[in-house]
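Since the structure comes first, as structure tokens, the remarks are kept for the end.
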Amino acid sequence: SCVIEVKNLSYAYPDGHQALHDVSFRISHGEKVALIGPNGAGKSTLILHLNGILPVQQGEIFVGDLAVVPKNFSRVRALVGLVFQTPDDQLFSPTVFDDVAFGPIYQGLSPAQVQERVDYALSMVHMREYAPRVSHHLSVGEKKRIAIATVLSMNPIALVLDEPTAGLDPRARRSLIELLRQLPQSMLVATHDLPMVRELFPRTIVMDQGRIVADGSTDVLLHDE
Ligand code: ADP
Ligand code: ADP
């Protein structure tokens, strides 16, 4: 079944710059897809549409069977966990626990359910013992994993990550890749890290100048790069 469907999406920024042209693709249940392309290709613009941060101007987006339209935004945001490139954009509470609990508290869950979701999310990123730590003081690699936990605690069906390995040292990068491998959710991951794409993503979407210029098997698309 289809988890994310983007149909004929076009988008122009307020200054008139056309950042997306007729973008269409579908991501199935459990599928992990890489999104590559040069700077300015439109990857971030596309990603920001998937949970309603940028409004759909032309075309349609569905998450599960929900249309991504304003009246569904709060449900869509729980279903699609968006992880920004800079974890500091996502971590703003005094402790790791509070950051990871923020989504489930906002969803109106009971304290016991919130605790359960936080335990689950921190276990998934191998950071359970970090709950009482100050998010702000962690290393970049640790912050990235906590940022992922802040969306896992919402019980999403899909994860959308912007440049998850950018700025990580080799050990933190390796730990992030192993984490992405273990997560069961469908994924769309914008990245310039082609070795990671080859290792982890069977399918790659290539964007250039706001359009999808290729979508298919990573082995075929990246065979000689
Ligand atoms: P990528 O993530 O692939 O680097 P972006 O989605 O950030 O690409 O950008 C796509 C295009 O939209 C680029 O040409 C960029 O300059 C332009 N763009 C991005 N943000 C804005 C904005 N706020 N206003 C106008 N143009 C923008
Ligand atoms: P950084 O290098 O940015 O400090 P890392 O991602 O390398 O961050 O790891 C941060 C901490 O989390 C380290 O103490 C490491 O031992 C621990 N850690 C990393 N990956 C795992 C894992 N898969 N399981 C358990 N602990 C881990």
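The values are calculated or read from the model by the stated rules, or taken from the named source; none is laboratory data. Just so we're clear, the structure is a prediction, and the values are computed from it rather than from any experiment. Every residue, glycine among them, receives a Cβ derived from its backbone with ideal geometry; neighbour counts consider all protein chains shown.
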**OP:** Starting from segment 18-40, keep only residues that are at positive phi, then list their pairs with residues that are modelled with pLDDT under 95 and more than 8 Å from ligand 1 (Cβ to nearest atom) whose Cβ atoms are within a distance under 6 Å, requiring at least 6 positions of separation or different chains.
**Re:** none
**OP:** Out of Arg181, Arg198, Arg211, report the one residue that is in contact (Cβ under 8 Å) with a residue 24 or more places away in the chain and either out of contact with any strand residue (DSSP E or B) (no Cβ under 6 Å at 6 or more places or on another chain) or of a type in the set (Gly, Ala, Ser) (or both).
**Re:** Arg198
**OP:** Any chance you could count how many residues in segment 54-75 are among the aliphatic types (A, V, I, L, M) and either part of a strand (DSSP E or B) or surrounded by fewer than 13 Cβ atoms within 10 Å (Cβ to Cβ) (or both)?
**Re:** 4
Original post:
Is segment 118-135 home to any residue that is at pLDDT 95 or above, more than 16 Å from ligand 2 (Cβ to nearest atom) and surrounded by 22 or more Cβ atoms within 10 Å (Cβ to Cβ)?
Top reply: yes
**OP:** Determine which member of the set Asp88, Asp98, Asp22 is within 16 Å of ligand 2 (Cβ to nearest atom) and not in a loop (DSSP other than H, G, I, E, B).
**Re:** Asp88
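Identify, please: which residue in segment 165-192 is more than 14 Å from ligand 1 (Cβ to nearest atom) and assigned to a loop (DSSP other than H, G, I, E, B) and is, among those, farthest from the chain's Cα centre (by Cα)?
The residue in question is Asp169.
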Original post:
Going through segment 174-198 one residue at a time, which ones are farther than 26 Å from Phe97 by Cβ and either more than 16 Å from ligand 2 (Cβ to nearest atom) or touching a Gly at 6+ places or on another chain (Cβ under 9 Å) (or both)?
Top reply: Ser186, Leu188, Val189, Ala190, Thr191, His192, Leu194, Pro195, Val197, Arg198
Subject >> Members of segment 41-86 that are at positive phi and free of Cβ contacts under 8 Å to residues at least 60 places away in the same chain >> reply: Gly52, Gly59
Original post:
Does Ala158 qualify as being surrounded by 15 or more Cβ atoms within 10 Å (Cβ to Cβ) and in contact with a helix residue (DSSP H, G or I) (Cβ under 6 Å, 6 or more places away or on another chain)?
Top reply: no
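Just for segment 121-138: of the residues that are without any contact (Cβ under 8 Å) to a residue 40 or more places away in the chain and touching a helix residue (DSSP H, G or I) at 6+ places or on another chain (Cβ under 7 Å), which one is nearest to Leu50 (Cα to Cα)?
Ala121
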Subject >> Filtered residues of segment 199-225 (kept if modelled with pLDDT under 95 and under 14 Å from Pro38 (Cβ atoms)) >> reply: Glu225
**OP:** Any chance you could count how many residues in segment 148-162 are within 16 Å of ligand 2 (Cβ to nearest atom) and within 10 Å of the chain's Cα centre (by Cα)?
**Re:** 2
Original post:
Which numbered condition trips up Gly108, out of (1) under 29 Å from Ser1 (Cβ atoms); (2) among the small types (Gly, Ala, Ser); (3) not in a loop (DSSP other than H, G, I, E, B)?
Top reply: (3)
